[in-house]
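Shown next, in structure tokens, is the structure this report addresses.
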Amino acid sequence: MNRRRLIGLSRRYVEALRRHLRRGPRASLRAAEALGRRAVAGGLETLELAGIHKRALTRLTTTSGLSPGGEGVLRRAEAFFVEAITPLEETGRAMRQANVRLSQVNETLRQRTVELAAANRRLKREILRREAVEAALKKSERHYSLSLEQSRLMQEQLRHLSRQLLLAQEQERKQISRELHDQIAQTLTGDIKAPG
């Protein structure tokens, strides 16, 4: 609260307290409550309002001729002050409760952050593991692809060799067949010539 507002609140406080003390025991405390709400709106603390009350009471007892002991003046002044600080205390209590709740939320958030960090670490490890598996699968795929291509080439070579072998065997059979044919023909020709 700026200085001008503080001075204005102090003046209002003095006037409201003066009216309250002059009205006696049946005086309303609404003015005190209204001043307390103004103090809350201005951001005053309880001790600051207590200082305003003390200065106001001192001023009233010294300048206005109010006797601190007369007609329960101190009790009524105390009641006025208690009513004035009630909004501050309620606000303070609410702030303390809000701070407790905020601390609880912060603790929950801290725990969730720790859990999230742990989950992120697990996720990173899983990603690395999967990347390693994927790399191994790609390497294996390349290996099997290469092996399959080599196998296909070897089968092709085997077919070619089998054809060559069959052709060579066929050539050899034909050769043997011709030689046998020639030998048989010579033997038969020789047998036919011999009796004659």
Open item on the list: Compute the angle between helix 3-23 and the longest alpha-carbon principal axis of the chain, please, reported from 0 to 90 degrees and rounded to the nearest 10.
Closed with: 50 degrees
TODO: Considering the options 116, 164, 102, tell which one lies farthest towards the positive end of the dipole of the range 63-196, charges being +1 on Lys and Arg and -1 on Asp and Glu at the Cβ, about the Cα centre.
DONE: 164
TODO: Give me the angle, in degrees from 0 to 90, between the Cα long axis of helix 46-63 and the longest principal axis of the Cα atoms of the chain, rounded to the nearest 10.
DONE: 10 degrees
TODO: Mind sorting out which of [x] 27.4; [y] 17.1; [z] 16.3 is the real Kirkwood radius over Cα pairs in Å computed from the coordinates?
DONE: [x]
Open item on the list: I'd like the Karplus ³J(HN,Hα) series for the range 92-97: coefficients 6.51, -1.76, 1.60, θ = phi - 60°, whole numbers in Hz, and an x wherever there's a Gly or Pro.
Closed with: x, 5, 4, 5, 5, 5
Open item on the list: Given a 1.4 angstrom probe, what's the average accessible area per residue across the range 65-154, in square angstrom?
Closed with: 81 Å²
Task: Of all accessible heavy-atom area on the range 71-196, the percent that carbon and sulfur account for (1.4 Å) - done: 59 percent
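What does the highest-first list of 43-56, 146-159 look like by mean Cβ count within 10 Å? It would help to have the intermediate numbers written out before the result.
Numbers: 43-56: 16.3, 146-159: 10.1.
In decreasing order of mean packing, 43-56, 146-159 become 43-56, 146-159.
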- [ ] Quickly rank 18-30, 93-105 as a protection proxy: mean count of other C-beta atoms within 10 Å, highest first.
- [x] 18-30, 93-105
Task: Relative contact order (percent, whole number), the chain, Cα cutoff 8 Å, 6+ residue spacing - done: 19 percent
Open item on the list: Using the crude model of +1 on Lys and Arg Cβ and -1 on Asp and Glu Cβ, and no other charge, please compute the dipole size for the range 1-92 relative to its Cα centre, in debye to 20.
Closed with: 520 debye
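The values are calculated or read from the model by the stated rules, or taken from the named source; none is laboratory data. Given the structure is predicted, the values throughout are model-derived calculations rather than measurements. Methodologically, a virtual Cβ is constructed for each residue, glycine included, from the backbone with ideal geometry; neighbour enumeration extends over all protein chains shown. Ligands, DNA and RNA are stripped out before the accessible areas are found, and what is left, the full protein with its side chains, is counted by its heavy atoms. Shrake-Rupley method; radii C 1.70, N 1.55, O 1.52, S 1.80 Å.
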